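A short write-up of the structure that comes next.
Nothing in this text is a laboratory measurement; each read-out follows from the coordinates by a stated rule. Because the structure is predicted, anything quoted here is derived from the model rather than measured. Glycine also receives a Cβ, built like all others from the backbone with ideal geometry; neighbour counts cover every protein chain displayed.
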Amino acid sequence: MTIRNFARAALCGFAAVLLSVPAFAGAGVYTFEPVKVDVMNGAGSQLAVRLIHKPTGKPVVGAVLFRTLLDMSPDKMDSMTAKHAAMPTAEPGVYAFKADFTMAGGWAFKIQAKVPGEAETVTGTVIFQAK
Ligand SMILES: [Cu+2]
């Protein structure tokens, strides 16, 4: 192996290490999932998401969902949004919202959250079906 080839191989190895790191740490290890996909259409409805730490499968308590958007992008109606507000919940790792759905169909709940011990913002999109 020439010195140049050795340097190239070493660089490739180093790059591979750098690339592999984000897959095992950071915001990507968290996922939001629906507690129940089907929700009631109409005002005063409710939806809930569970935040999971993927490597352990455990629910994550104490996250702050600081920015949320509820829209009909799953049904190609991105501009149709629904008012919603956080509600208290007793179940650890579950974040519930009161929502005023205005139309039956697919709704995307888009979330930005701060998770205890995680520097990056955790993002997620959860699809609900209003019926
Ligand atoms: Cu719509």
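Structure above, values below:
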{"item": "Residue-count net charge about Ala82 - beta-carbon cut-off 11 Å; Lys, Arg +1, Asp, Glu -1", "result": "0"}
{"item": "Violating pairs (Cα-Cα greater than 19 angstrom) within the set Lys83/Lys131; Lys58/Lys83; Lys36/Lys110; Lys54/Lys76; Lys58/Lys131; Lys83/Lys110", "result": "Lys58/Lys83; Lys54/Lys76; Lys58/Lys131"}
{"item": "Built amide H within the under 5 Å cut-off of Val39, gap 5+", "result": "Gln129, Ala130, Lys131"}
{"item": "Stretch gain in nm, segment Arg67-Ile127, where the contour uses 0.36 nm per residue and the Cα spacing is subtracted", "result": "20.0 nm"}
{"item": "15 Å beta-carbon shell around Gly26, net charge (K/R +1, D/E -1)", "result": "0"}
{"item": "Residue-by-residue Karplus 3J(HN,Hα) for the stretch 114-122, coefficients 6.51, -1.76, 1.60, Hz, glycine and proline x", "result": "9, 10, x, x, 10, 6, 6, 6, 8"}
{"item": "J(HN,Hα) series, the stretch 89-99, from Karplus relation 6.51 cos²θ - 1.76 cosθ + 1.60, nearest Hz, glycine and proline x", "result": "9, 8, 7, x, x, 9, 10, 10, 9, 8, 9"}
{"item": "Cβ-defined net charge surrounding Lys110, 15 Å radius [Lys, Arg +1; Asp, Glu -1]", "result": "-2"}
